[in-house]
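> Here it is, the structure in full.
We did not get these values from a lab; they are worked out from the coordinates using the rules stated. All values reported here derive from a predicted model rather than from experimental measurement. No Cβ is skipped: glycine too gets one built from the backbone with ideal geometry, and neighbour counts run over all protein chains shown.
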C-alpha cells in the first residue's frame, strides 16, 4: 500500500472510515513512520483547534431554546405571517375591461400615494434646528418597496369608525377633482400641467385620461391618534408629544393615464349588451396603461421628530421595533416613496428603468399574469401596468419618450 | 427577487405546515450555530429569523427535507460569518460578546470569566479573518456534524472533507499566530 493520503488520515482520525479501510490504514501505519508522524501532526492540530472551537460551544449550550415560541414570534414579525401568505384580491368585477385591469392595481397605486402621505408625512427627519421654523417639503425622487401588512386592522369596525370620524373631523379637503378624458397628448398635457410622455414602442394611438388634483390639510390630534393605536391593539406604541397640533398638508397633482391597445369596452353590471366572448387573456394581451403623476408634495412642521413616527408606522404595519428601526435608517425620507407590496403580488424585483431604479411587481389574476412597473424620474412618478409576460416591461418602459 | 405564492403555499414548493415543521425542527440548531459564531443569543436569534425568512421566501424549494436542513445550516453559517466579517458590526459584536459573558454568569471566578471571554473573542476574530468556507467548515464540524452531513450541507465532495478540514485548521492556526502570537493553545 502506498502512503496514506492526508484526506484518509484525517478521516481515520475522525473515525469516519469503514472497518475495512481502518484496518488497511492501521496496517500501513504499523510499518510507515512518515505516515505515523503525519497522523500525529494532524491529530495535534485538530485537537488544538477543536479546543478553541469548543470554547465557543460551551456558552451556546447554556440557553434553552423554545422553537415554538420562536415560531410564534417569527409569524408575528412577518406581518401576514405563515398562516396567511399573500392572497389575491378578487375585487375586479369585470376583468374584460382594461380599466378594470388598472383598477386591479389601483390599490397599489393608491397605496403608494397613501404611504407617501402617511409615512413620509410622519417620517420626514429634516430640519430639527430651532432656527428652521418654516415648513419642510417632501418631493419623491425614488421608490423603495416595503412589505407592509395592515391586515391586523382589517375587520376592526370600531377602529375603522374611529379613523373615519377622525378624517371627517380633522381633514380639510381643498381639492378633489374628477378625472376627465383628453383627445390628444397635447390636450392631456395642457390639462395636467405637465408634458405627457408616451411609449415609442407602441405605434397605436392611445387614449388619454387626466386624473384630478387632490389636496387636503389636517391638524394632528395626538390623543385621538393614540386612541386609534390603542384600538388597533398597539397601546405599546407611544406617539411623541411634539406631534400634537402639528399641521400636515398634502397635494397630489393632476395625473395622466395613457392607455394603449385594443381594449374591450366596459361591461357594467346590469348591462343588456352581450359579454365579450373573446378569451380574457387574448383580449388583454395588447392592453397597456401608463400612469404619470408629478410627485405629491407633503408639508410638515420642520421641528417635528418624524423619523421616530416612521418607526411607529412600520410597527403598526406588523414589524418588530428592531426591524422598523433598521428599515427606517435605510430610507432617505426626504426623497423616497415607500411602495407597499400588495398582497396579491407573486414576486417583485428591483430593476433599472431609464437609468434609475424601479420596482417590478408581478401578480396573477383570473385572466393570467400581470404586472406593474414603478419608477421615478425628473420628479414624475411612472406606473406601467400590463398584462401577460412581464419580461418586456422594462424594455417597453425604456422607450418612454 | 422575493417570491411569494398562493394562499397557504410558500415559494412554489414548501407548504405552510411543512415550513412550521422545519422551523420547529431546525430552529434550535440554527440558533446554536449562530450563537457559537456571533457569541450573543439575541443577535443569533435575529440572524436565525433572517435564515428562516430566506427559506420562507425561497423561489425554489423542492429538495427533500434532509437537503433543506443542509441548506439551513449552510445559510446560517454564511450569515453568521458575514455578520462577523462586517466591520461595522465588529464593535457591536465585541460589546455583545461582553454582555453575553456577563449575563451568562457562569460558575467561574472573575479571572476565569475574563479569560474565557477573551479566548472566545480571539477565536471569533480568527474565524472572521480566514476564508469563509473554511470558517463554515470549522464551525459546523465543531457543531458535531459528520463528514456526510458536512458534505451535504456545504455541498463539498465527501472524499475531500478530511483534506478541507486539515487545510481549514492549518489556516486557523496560522492566522491565530499572526494575530495573537504563539500561545500554548494554538
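> Sorted by average packing, counted as other Cβ atoms within 10 angstrom per residue and highest first, what order do A:234-241, B:26-33, B:68-75 take? Before the final figure, lay out the partial values.
Details: A:234-241: 13.4, B:26-33: 23.1, B:68-75: 20.8.
Descending packing order for the listed peptides: B:26-33, B:68-75, A:234-241.
> Moving to a separate point now. Need one value for B:140-152: mean number of C-beta atoms belonging to other chains within 10 Å of its residues' C-beta atoms. Please report the intermediate quantities before stating the final value.
On the way: counts 0, 5, 9, 4, 1, 0, 3, 7, 1, 0, 1, 0, 0.
Per residue, the average neighbour count from other chains is 2.
> Cβ neighbours within 10 Å, averaged per peptide: list A:9-15, A:176-182 in order, most packed at the top. Intermediate results must be reported in sequence, preceding the final value.
On the way: A:9-15: 20.3, A:176-182: 12.3.
Packing proxy ranking, top to bottom: A:9-15, A:176-182.
> Taking the Cβ of each residue in A:254, B:36 as the centre, tally the other Cβ atoms inside 10 Å and list the residues starting with the fewest. Intermediate values should be presented prior to the final figure.
Numbers: A:254 21, B:36 29.
Ranking A:254, B:36 by Cβ neighbours within 10 Å, fewest first, gives A:254, B:36.
> Could you line up A:204, A:169 from fewest to most neighbouring Cβ atoms inside 10 Å?
Working: A:204 9, A:169 12.
Ordered by Cβ neighbours within 10 Å, fewest first: A:204, A:169.
> How well do other chains shield peptide B:155-167, expressed as the mean number of their Cβ atoms within 10 Å of each residue Cβ? Mind dumping the intermediate values first?
On the way: counts 0, 0, 1, 2, 4, 1, 5, 13, 7, 2, 10, 10, 2.
The mean count of partner-chain Cβ atoms within 10 Å per residue comes to 4.
> Could you state the per residue volume, in Å³, of the convex hull enclosing the Cα atoms of segment A:6-59?
Working: hull volume 3.9 nm³, N = 54.
Hull volume over Cα atoms, normalised by residue count, gives 73 Å³.
> Continuing with this model, one more query. Which order do A:387, A:217, A:197, B:41 fall in if you start with the one that has the fewest other Cβ atoms within 10 Å? Show your work: numbers first, answer last.
Numbers: A:387 26, A:217 15, A:197 18, B:41 22.
Least to most surrounded, the residues fall as A:217, A:197, B:41, A:387.
> Here is a follow-up. Hey, got the average number of other protein chain Cβ atoms within 10 angstrom for residues in B:17-24? Show your work: numbers first, answer last.
On the way: counts 2, 0, 5, 7, 1, 0, 7, 5.
Whole-number average of other-chain Cβ neighbours for B:17-24 is 3.
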